[in-house]
There are 4 protein chains.
Amino acid sequence: MAGSTFGNIFKIMTWGESHGEALGVVIDGCPAGLSLEASDIQTYLDRRKPGQSAITTPRKEADKVEILSGVFAGKTTGAPISLMIKNTNQISKDYDEIAAYYRPGHADFTYDAKYGFRDYRGGGRSSGRETIGRVAAGAVAAKILLELGIKISAFTYSIGPVICSAEPEVDEKVSPGDTSKRNDAHLCNSLLNEKVVKFINECKEKGDSVGSVVECRVSGVPIGKGAPVKNGVPGETSLPCGSPLPLGIGEPVFDKLDAKLAQAMMSIGAAKAVEIGAGCAVSEMYGSKNNDEFCVNDGKISKLTNHSGGTLGGISDGSDIILRVHFKPTPSISATQQTVDRHGQPTAVQIKGRHDPVIAPRAVVVVECMAAITMLDLMMTNMTSKLENLANFYK
Amino acid sequence: MAGSTFGNIFKIMTWGESHGEALGVVIDGCPAGLSLEASDIQTYLDRRKPGQSAITTPRKEADKVEILSGVFAGKTTGAPISLMIKNTNQISKDYDEIAAYYRPGHADFTYDAKYGFRDYRGGGRSSGRETIGRVAAGAVAAKILLELGIKISAFTYSIGPVICSAEPEVDEKVSPGDTSKRNDAHLCNSLLNEKVVKFINECKEKGDSVGSVVECRVSGVPIGKGAPVKNGVPGETSLPCGSPLPLGIGEPVFDKLDAKLAQAMMSIGAAKAVEIGAGCAVSEMYGSKNNDEFCVNDGKISKLTNHSGGTLGGISDGSDIILRVHFKPTPSISATQQTVDRHGQPTAVQIKGRHDPVIAPRAVVVVECMAAITMLDLMMTNMTSKLENLANFYK
Amino acid sequence: MAGSTFGNIFKIMTWGESHGEALGVVIDGCPAGLSLEASDIQTYLDRRKPGQSAITTPRKEADKVEILSGVFAGKTTGAPISLMIKNTNQISKDYDEIAAYYRPGHADFTYDAKYGFRDYRGGGRSSGRETIGRVAAGAVAAKILLELGIKISAFTYSIGPVICSAEPEVDEKVSPGDTSKRNDAHLCNSLLNEKVVKFINECKEKGDSVGSVVECRVSGVPIGKGAPVKNGVPGETSLPCGSPLPLGIGEPVFDKLDAKLAQAMMSIGAAKAVEIGAGCAVSEMYGSKNNDEFCVNDGKISKLTNHSGGTLGGISDGSDIILRVHFKPTPSISATQQTVDRHGQPTAVQIKGRHDPVIAPRAVVVVECMAAITMLDLMMTNMTSKLENLANFYK
Amino acid sequence: MAGSTFGNIFKIMTWGESHGEALGVVIDGCPAGLSLEASDIQTYLDRRKPGQSAITTPRKEADKVEILSGVFAGKTTGAPISLMIKNTNQISKDYDEIAAYYRPGHADFTYDAKYGFRDYRGGGRSSGRETIGRVAAGAVAAKILLELGIKISAFTYSIGPVICSAEPEVDEKVSPGDTSKRNDAHLCNSLLNEKVVKFINECKEKGDSVGSVVECRVSGVPIGKGAPVKNGVPGETSLPCGSPLPLGIGEPVFDKLDAKLAQAMMSIGAAKAVEIGAGCAVSEMYGSKNNDEFCVNDGKISKLTNHSGGTLGGISDGSDIILRVHFKPTPSISATQQTVDRHGQPTAVQIKGRHDPVIAPRAVVVVECMAAITMLDLMMTNMTSKLENLANFYK
């Protein structure tokens, strides 16, 4: 599993499985001098905790973070930051049966095939609990970004057929992510909350699950004064396109900002598609429509639209970065399914246990955190793009 | 631009820009003992060359590969393989004007912002010619994969509104990729060729361009005997899902097969979305529909459907790997557009020069090559997943 | 401190500082299927613990390892292995004074300069306790190597002017490393123990410290039947040079076996020189003497001498790998020294506290562990050197 | 040979073998805005060329560099820089015989063992010509460092028993490296040139070769005003220890400055030992002698001596960085040696051809170049060590 490391300078290594002692992450390359305490991280972990609303699994997980290293007198020292979250409510008897067969849509089969062996107490490393390490590290990255004037906020964009417009009706002054924390499904638009909860509950009653989409936006703080933009297709936005997001983030050609974001997002369990800006819609658009024309606002070069989702040539163009991640339905369903047991014999199964019927609401914070880690790491590399930068630093 | 390296063991570093002396790639970590000659690579480069059909740019580019190192007596030696393709037809006068302003949809603005300076003779490193290094390296990876029984084939899935079914009507026995080489637009289904060519020509006449999608499939050779599967939504396939593709490819959690494929694909210029298997469609599906049930075929564990696109938990599950890449319309259009010049003054521009009106036909081979490099590299890492593997190797 | 990761496939990230909550390491890429329990690791940690003999610091540190992830039912699962060792006896009052000035020979000054801030409770991340993570990870690597027939053993080669011959007098059948565990200073030759202990005690009484050398040998198990070799200069050895160590380990040109070993060893605190095989002695030798002639033993190609220290062209040649690491004297001495305080004022200091007067005895196990990690990681990469290897694996 | 990449941000990939078409390097991550032309690189390549003086091989190699990418209008663009040097005088008939047997001291045997196959026209990738790529890349790194006020200069420290004092007698104002370019053996002290040339010629007449040492110093420019220091043991220096070399370079714990320098140096063919500062001498020193006391000079913290060789805790301390590399004697000697042929039969051989009898004089520039690449890469990473640095950059 030689793939638990992410990032080149701000580098994280996550560890832990659903029914082990603990989960966690080590962050290496975190700059020194950041004020950091457990509560900064706990806030993010609490957002991913189950049992928070009617629509998520009623399992209780304390998920208390401990900072084991890298912080002294309330500040990061530059040394690796080790964060640990103990497992406290992992009742493996709920899962015992799964040792016997391969659950459809789960990684049981592929883990057995690859490692010759699997932790059958639960999903092991392929469990959703794996994201705890990502969230803990992402909380640190997000705090740094905020100090640099960058805000990352994600929300539930759709649940099954119910699509939530990306524009917040209730309060124009809050960004989508802020709004998303106020309702059960982390929707941008709270007005749809009731409809969504009803839909999900029907789904649960049928023993089924449903797919969903998370949208994430990275923007400068405070939001700048770009030109008003047209709405409509995904990727267009009423947020000013000229928000003061730093230019130049992303390293062509393989570590383009969008390429690393795509890896980051697709590495989240159950993600099956990633879109940047207008995303899939571009494949049916004409160039004359899709090209974002440049304009000047307050003496700054800006764009009239933001179909590009904030990147041109893999480098941030100053507009908001916009991406969407499509999650498959939770594979654990109580409906009867055909499968095969470990001896290669066909069998029929019904998955028991307490599962989220839809992934997006709890994945919102995971998407934010992966975006934060990706952004910060590329922002660090970007500091060396010009000789002038080195000369200024070392003069 | 500290991002020109891809892969962990089979590692490539590409170089070169549109109007420089040459372009190329160095491959490190290529196994010794592969028979390799220039023609193996030339075949792939010829597939990406412009001027091949009515629908691509009439520019002529010889794009002859030279093998400069790493091959002796017709075989790879284990030493780095340096491949160079000289630029021969780069008439920069076609592009001179672009120095003065930022072309909408291009990377001119972001390169200037990041590097303080840009190669205004053409797209420079952000040009489509950058893909030459990818294709040269991918040809080597694809040859190795073929020796290991793995075939990668891509085709044009859609051009604007014209969607080409993934199922080849003409000849059941050829795989989609083979068929794709026989018609102008590299469509899987040649019956649609006439329709597509007409659509593109209309687009060109209007001075416009259009978006497109490439689909890519990785399968075992010869194609295995899986159960017949249902058609319909993207990601389902009439190809047997139980083709003998190796199990276990992909390194959770950040270097999952689908995550690295997503990075690889999104790193191709103009890509704006990546889907694996059923892709975006999963977000509207129910779990009872999306889960691929397991079955037994010829004593092997297989799946009844392949919505997963060949990966479970980020690890290959033995079914065909299926992905789609959405490309935006070519940003170079002759219609008048608003933009800004280098002095920050608004201006109106019309892009001249010879450009492809649609990206997919020439991107087909680039997608194949990036898939090959990604697969091979992860297959190498996978060889160390079990202690038993090391013990067998070093006994 | 973006340098806490080591290894490409068997990849470790260490964390923790002298006076934090805990120290540890995460190992990613450890093969699945290894029997592993805490005692396997504890054995190695106990060897580095202080307070074990008359010549090391009397500080007591429990240094109990906890396995937090990656092991299930007594076997590694392929998931990251998180190992934690809690700090229990870190009395920072011993060190309070050091906040005020820069200790000569320590990293206080450079940490302050680099990070703008330092953990003044002790050495922080530059403390010798940092090696705990290395030892914990190295114990796992060493266990794997032993299963593959490879044994790593180090010993104290010299302490100040007292040089311990590399040849064990007492018992011909034990390898140097085994012998080393039987006496206070981890000398290869126990007959010198009394002399060494006396020398060190004199040193302590004077409030001084002294430099030392550790030698490490990597050999095949059981030791093979090479030709007898001549003794004398460092690097020659009476161990048969044809021990069945695997051939081919090391990746030219930058990740040669000797280059990665040199990095691994020089990264240990207080290391100031690394020698491979005959090492420094080669610079005064003639080619006719230094070249190791090849011979045939039991049908296997072997070498008559081993000045090369087991590598040719950066690749293991089947002979024992031999290296030596030179450690500076412990910088913490009670003699009065001139230094500068944090306000840039000259001051005179005497370092208090309980310190080892010599580094080698406790560094022996650290050297072994770094050698084990380096070897194992390169052995994994080596599995992909030939196409034939891939073909055998994936057939 | 998955080890041809070095560096994390300023990343190079070298390629090419002794008898191939060409050799070269690709540099990724080179900052944009550096004035660069072929002559900047040619100067360095000319220093490593053979046939320059009585003591090196009379082989003629033109070694003309071509810049293939990454430079436009005389400046680096940020895109990868591809440098190629064609092979023009590689007469493989000189080497034909070596296909039949394994040359003692060469990598013939290990390459055959690892890759199942070797380029028997010459040393292939293990030839000294491999260093061409290192020198080409190092010339670029050295130019950047000079613009940042950092100078790297190496010289021949010893040849066999003849040791050249590190202090230049002739001209106090030139640094060791400058002096070294003025005599046949690149000695720091030209007064010893005659003695050394005589010694080497005697060696050649006997058909033998001899070992040697290169010393390298990295210093700030112009040389600062540190306190005078005591001479004598290696590592002490009459150069002011307080030269304005940047503080903070090096990433604990595995990518410490000295650890990466050790890897860089030991990766050069024929290197068998690396010393930093006082190096091996520390192992016989007392702490009271070895510790460098701190002092204040012109308001700056400095050291009274420089036994540490410019690093404390793996981080640059502002003093000159001093290292020494021990090279074995050239393995190609004309004396008769015992070896084994490819069929495992013993045989006696005499190596023909034109070879350098000693490695240091031509390795001087290689050592400088590897030091430059290592320094620059770590200086880039260091720019992100403090949050304050990011905040200043992105404000």
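Scanning region C:245-257 for residues that are at the interface with another protein chain (Cβ under 7 Å from one of its Cβ atoms) and either part of a helix (DSSP H, G or I) or not acidic (Asp, Glu) (or both), which turns out nearest to B:Tyr394 (Cα to Cα)? Explain how you work it out, then say what you get.
Here is the first cut: in region C:245-257, the ones at the interface with another protein chain (Cβ under 7 Å from one of its Cβ atoms) are C:246-248, C:251-256.
Subset that is either part of a helix (DSSP H, G or I) or not acidic (Asp, Glu) (or both): C:246-248, C:252-254, C:256.
Details: C:Pro246: 7, C:Leu247: 9, C:Gly248: 11, C:Pro252: 20, C:Val253: 23, C:Phe254: 24, C:Lys256: 19 Å.
Among them, the one singled out is C:Pro246.
A quick yes/no check of all residues on (1) at pLDDT 95 or above; (2) surrounded by fewer than 24 Cβ atoms within 10 Å (Cβ to Cβ); (3) among the basic types (Lys, Arg); (4) over 16 Å from B:Gly70 (Cβ atoms):
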site: D:Ala54; (1), (2), (3), (4): no, yes, no, yes
site: D:Glu61; (1), (2), (3), (4): no, yes, no, yes
site: D:Thr76; (1), (2), (3), (4): yes, no, no, yes
site: D:Ile81; (1), (2), (3), (4): yes, no, no, yes
site: D:Asn89; (1), (2), (3), (4): no, yes, no, yes
site: D:Ala113; (1), (2), (3), (4): no, yes, no, yes
site: D:Gly116; (1), (2), (3), (4): no, yes, no, no
site: D:Arg134; (1), (2), (3), (4): yes, no, yes, yes
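When you scan region A:309-395 for strands (runs of 3 or more DSSP E) that lie fully inside it, which ones turn up with 2 or more residues that are touching a residue at least 24 places away in the same chain (Cβ under 8 Å) and buried (at least 24 other Cβ atoms within 10 Å of the Cβ)?
On the way: elements: A:321-327, A:337-340, A:346-349.
Of the strands (runs of 3 or more DSSP E) lying wholly inside region A:309-395, those with at least 2 residues that are touching a residue at least 24 places away in the same chain (Cβ under 8 Å) and buried (at least 24 other Cβ atoms within 10 Å of the Cβ) span A:321-327.
If you take the residues in region C:1-20 that are part of a loop (DSSP other than H, G, I, E, B) and in contact with a Ser or Thr (Cβ under 7 Å, 6 or more places away or on another chain), which one is farthest from the other protein chains (Cβ to nearest Cβ)? Don't jump to the end; show me each part of the working.
Kept after step one, since they are part of a loop (DSSP other than H, G, I, E, B), are these residues of region C:1-20: C:1-2, C:4, C:7-10, C:17-20.
Retained after the next criterion (residues that are in contact with a Ser or Thr (Cβ under 7 Å, 6 or more places away or on another chain)): C:2, C:4, C:8-9, C:17-20.
Values: C:Ala2: 3, C:Ser4: 4, C:Asn8: 7, C:Ile9: 5, C:Glu17: 6, C:Ser18: 10, C:His19: 8, C:Gly20: 5 Å.
Top of the filtered list is C:Ser18.
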Every residue from region A:71-81 that is more than 7 Å from every other protein chain (Cβ to nearest Cβ) and under 16 Å from A:Ala141 (Cβ atoms): A:Val71, A:Thr76, A:Ile81
Lone qualifier among B:Ala166, B:Ala99 - being part of a helix (DSSP H, G or I), among the small types (Gly, Ala, Ser) and at pLDDT below 90: B:Ala99
Every residue from region C:341-395 that is at pLDDT below 90 and within 30 Å of B:Asp28 (Cβ to Cβ): C:Lys395
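Take the conditions in contact with a helix residue (DSSP H, G or I) (Cβ under 9 Å, 6 or more places away or on another chain) and among the acidic types (Asp, Glu) and apply them to C:Asp317. Does it pass? Walk me through how you get there before you give the answer.
On the way: in contact with a helix residue (DSSP H, G or I) (Cβ under 9 Å, 6 or more places away or on another chain): yes; among the acidic types (Asp, Glu): yes.
It is true that C:Asp317 is in contact with a helix residue (DSSP H, G or I) (Cβ under 9 Å, 6 or more places away or on another chain) and among the acidic types (Asp, Glu).
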Region D:22-52, subset at pLDDT 95 or above, of a type in the set (D, E, K, R) and surrounded by fewer than 21 Cβ atoms within 10 Å (Cβ to Cβ), residue nearest to the chain's Cα centre (by Cα): D:Asp40
First in region C:272-287 and more than 7 Å from chain D (Cβ to nearest Cβ), second anywhere and assigned to a helix (DSSP H, G or I) and surrounded by 22 or more Cβ atoms within 10 Å (Cβ to Cβ), Cβ under 9 Å, 6 or more apart: C:Ala281/C:Asn290
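Results for (1) in a helix (DSSP H, G or I); (2) open to solvent by 20 Å² or more (accessible area, probe 1.4 Å), shown as yes or no for each residue.
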| site | (1), (2) |
| --- | --- |
| B:Gly105 | no, no |
| B:Phe109 | yes, no |
| B:Tyr120 | no, yes |
| B:Glu130 | yes, no |
| B:Tyr157 | no, yes |
Pick from region A:271-301, criterion open to solvent by 10 Å² or more (accessible area, probe 1.4 Å) and small (Gly, Ala, Ser), ranking: farthest from the chain's Cα centre (by Cα): A:Gly299
Which numbered condition A:Val65 misses (of (1) of a type in the set (Val, Ile, Thr); (2) open to solvent by less than 10 Å² (accessible area, probe 1.4 Å); (3) modelled with pLDDT of 95 or more): (2)
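Sort through C:Val233, C:Val221 and tell me the only one that's modelled with pLDDT under 90, surrounded by fewer than 21 Cβ atoms within 10 Å (Cβ to Cβ) and closer than 29 Å to D:Asp258 by Cβ.
Values: C:Val221 fails: closer than 29 Å to D:Asp258 by Cβ.
It is C:Val233.
Can you pull out the residues in region D:258-270 that are within 7 Å of chain C (Cβ to nearest Cβ) and either surrounded by fewer than 24 Cβ atoms within 10 Å (Cβ to Cβ) or among the small types (Gly, Ala, Ser) (or both)?
Filtering region D:258-270 down to residues within 7 Å of chain C (Cβ to nearest Cβ) leaves D:258-260, D:262-263, D:266-267.
Those that are within 7 Å of chain C (Cβ to nearest Cβ) and either surrounded by fewer than 24 Cβ atoms within 10 Å (Cβ to Cβ) or among the small types (Gly, Ala, Ser) (or both): D:Ala259, D:Ala262, D:Ser267.
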Selection count, region C:243-257, where residues are open to solvent by less than 10 Å² (accessible area, probe 1.4 Å) and of a type in the set (D, E, K, R): 1
Residue list for region B:139-154, filter: assigned to a strand (DSSP E or B) and either more than 10 Å from every other protein chain (Cβ to nearest Cβ) or open to solvent by 10 Å² or more (accessible area, probe 1.4 Å) (or both): B:Lys151, B:Ile152, B:Ser153, B:Ala154
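Of all residues in region B:128-146, which are touching a helix residue (DSSP H, G or I) at 6+ places or on another chain (Cβ under 8 Å) and over 22 Å from B:Gly105 (Cβ atoms)?
B:Val135, B:Ala136, B:Ala137, B:Gly138, B:Ala139, B:Val140, B:Ala141, B:Ala142, B:Lys143, B:Ile144, B:Leu145
The values are calculated or read from the model by the stated rules, or taken from the named source; none is laboratory data. What you are looking at is a predicted structure, and each value in this text was computed from that prediction instead of being measured. When we count neighbours, we look across all protein chains shown, and the Cβ atoms used for this are built from the backbone with ideal geometry, even at glycine. With ligands, DNA and RNA removed, areas are computed over all heavy atoms of the protein, side chains included. Shrake-Rupley method; radii C 1.70, N 1.55, O 1.52, S 1.80 Å.
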